[in-house]
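Notes to accompany the following structure.
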């Protein structure tokens, strides 16, 4: 979980990645061979690691898990009613099929697997349960997911989609309803998606069911669904290039996040895009927008009446967005941390600290000036070897208390979604500011927009922070880490935006950095070569900031 958290944090400032692994090539080959249109939908196969699959017997494991979920259903009547309702709905929609006794013995040799299932309750949506098939459940160290490949993650990174979302005056969001379940599974792989169910009646043997579609929980489902979505959109590359581009570039799995220059453009393109999705059996729904007229045009009347648009608060790729004011904000909702910790009455443990830090989702970097303190606290906890459920020592507890006191300010934060809300823009410059200390180094990116009415405004884009390594590093070398971070951030901002940039300027307050950049001593890379993971050519547009003054560096 820690690794995944910092993977998102490192977006845009990581060195170049190596060539895709051979498994990705195999996964693409399977998708190309097995994916085909069947009626109004697409059918595909599981991404097996090996051609000769030999899965162990899993019936008894699935039966034990069924007994566990039935125990929870007996204890919680509301949960049981919702769980049974989901199963009945799956049968009605054709997602699952109950096997007759004679069919149970028919299966592909080596591919038979029984999936345990459970319900996930969303704290943000009380009473709503999502059914998940546990493909990670193991028998003798083997699970279905261990036999499957994830496949290449070809969709755009989440922060890149959010960058585009901020470019247009009109923002539009929607999602594909039950996306994974709209893709059929090829017949020879369906036996790997069996499960047990008896509608809560534990006085009889359970019935055997098979999932006819992709499951929520299989390792390969996100990759396969994205492949089908992109394959369907590719048929419209020539007839409707803008809508096809939106499906390929402005979706993050099942979430559609786009921005436009006008209401008319938003309505037209979103309507065409919904039609393209429908051609593959996908239902694009739950439209919301920063424009009330766009919401009325794209959403059914009853959905608008149920929630007042002026009061609505949407979650867009993990970020809270208020469409009426068109602002990003942050909500402080920490469900897994005891109230005694949040009120300062008890010292937290390492596990609780980690839960708090990871509950504040900030992929763009609005709160890096605040969250970098938490990163440094986590680093010190790791350095001292504090156990997961051990209270923090007094010195670290005091640091946490100072950080906790600032948490109430998070809810007051607001940032406009749309970059250029000041009118028609004449020119846009990109400015990168960097700085470093013994503890951490950082980079922040801003647009400097000159408007046609003569106004000049600065608009925040993104920021990144990194903790200094625990091992000792010289101050000059630490100072140079910040420009490297800033250069990578600059390249990402330029690459992931469609904004016409007239000039890029990078700022530092370190003369040491400027001398290192200008020096040719020990420079082993070709200055004409583009930046890569081995060595970066720092642009000679760095300028000096000190005591409020600025001068060009030449």
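The values are calculated or read from the model by the stated rules, or taken from the named source; none is laboratory data. Since the structure is predicted, the reported quantities are computational estimates derived from the model, not experimental observations. Don't worry about glycine lacking a Cβ; one is built from the backbone with ideal geometry, like all the others, and counts go over all protein chains shown.
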Look through 168, 151 and report the one residue that is over 30 Å from residue 54 (Cα atoms) and part of a loop (DSSP other than H, G, I, E, B). 168
Listing of strands (runs of 3 or more DSSP E) fully contained in segment 171-270 that carry 2 or more residues being under 22 Å from the mean Cα position of the chain (by Cα) and at negative phi: 255-260
Within segment 342-388, how many residues turn out to be more than 23 Å from the chain's Cα centre (by Cα), in contact (Cβ under 8 Å) with a residue 60 or more places away in the chain and at negative phi? 4
Any hit, segment 370-382, residues being assigned to a loop (DSSP other than H, G, I, E, B) and surrounded by 14 or more Cβ atoms within 10 Å (Cβ to Cβ): no
Candidates 458, 442 - the one that is in a strand (DSSP E or B) and under 28 Å from residue 252 (Cα atoms): 442
Qualifying residue in segment 424-433 (condition: modelled with pLDDT under 95, out of contact with any helix residue (DSSP H, G or I) (no Cβ under 7 Å at 6 or more places or on another chain) and in a loop (DSSP other than H, G, I, E, B)): yes
Can you tell me which of (1) touching a residue at least 12 places away in the same chain (Cβ under 8 Å); (2) surrounded by fewer than 19 Cβ atoms within 10 Å (Cβ to Cβ); (3) not in a helix (DSSP H, G or I) is the one residue 411 doesn't meet? (3)
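Condition check ((1) more than 25 Å from the chain's Cα centre (by Cα); (2) without any contact (Cβ under 8 Å) to a residue 40 or more places away in the chain; (3) under 30 Å from residue 344 (Cα atoms); (4) not in a strand (DSSP E or B)) across all residues:
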position	(1), (2), (3), (4)
472	yes, yes, no, yes
478	yes, no, no, yes
488	no, no, no, yes
493	no, no, no, yes
Can residue 297 be described as within 25 Å of the chain's Cα centre (by Cα) and either crowded, with 16+ Cβ neighbours inside 10 Å or under 25 Å from residue 178 (Cβ atoms) (or both)? no
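A quick yes/no check of all residues on (1) in contact with a strand residue (DSSP E or B) (Cβ under 6 Å, 6 or more places away or on another chain); (2) buried (at least 19 other Cβ atoms within 10 Å of the Cβ); (3) modelled with pLDDT of 85 or more:
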{"residue": "487", "(1), (2), (3)": "no, yes, yes"}
{"residue": "500", "(1), (2), (3)": "no, no, yes"}
{"residue": "506", "(1), (2), (3)": "yes, yes, yes"}
{"residue": "525", "(1), (2), (3)": "no, no, no"}
{"residue": "529", "(1), (2), (3)": "no, no, no"}
{"residue": "532", "(1), (2), (3)": "no, no, no"}
{"residue": "540", "(1), (2), (3)": "no, no, no"}
{"residue": "547", "(1), (2), (3)": "no, no, no"}
Given the residues 281, 344, 331, 365, which is the only one that is in contact with a strand residue (DSSP E or B) (Cβ under 7 Å, 6 or more places away or on another chain), at pLDDT below 90 and in a loop (DSSP other than H, G, I, E, B)? 331
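Counting residues that are out of contact with any helix residue (DSSP H, G or I) (no Cβ under 8 Å at 6 or more places or on another chain) and farther than 22 Å from residue 129 by Cα, which strands (runs of 3 or more DSSP E) fully inside segment 33-108 reach at least 2?
Working: elements: 36-38, 41-44, 96-98.
In segment 33-108, the matching strands (runs of 3 or more DSSP E) lie at 36-38.
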Can you confirm whether residue 426 is free of Cβ contacts under 8 Å to residues at least 60 places away in the same chain, surrounded by 14 or more Cβ atoms within 10 Å (Cβ to Cβ) and under 30 Å from residue 454 (Cα atoms)? yes
Take segment 98-121 and flag every residue that is surrounded by fewer than 17 Cβ atoms within 10 Å (Cβ to Cβ) and under 29 Å from the mean Cα position of the chain (by Cα). 120, 121
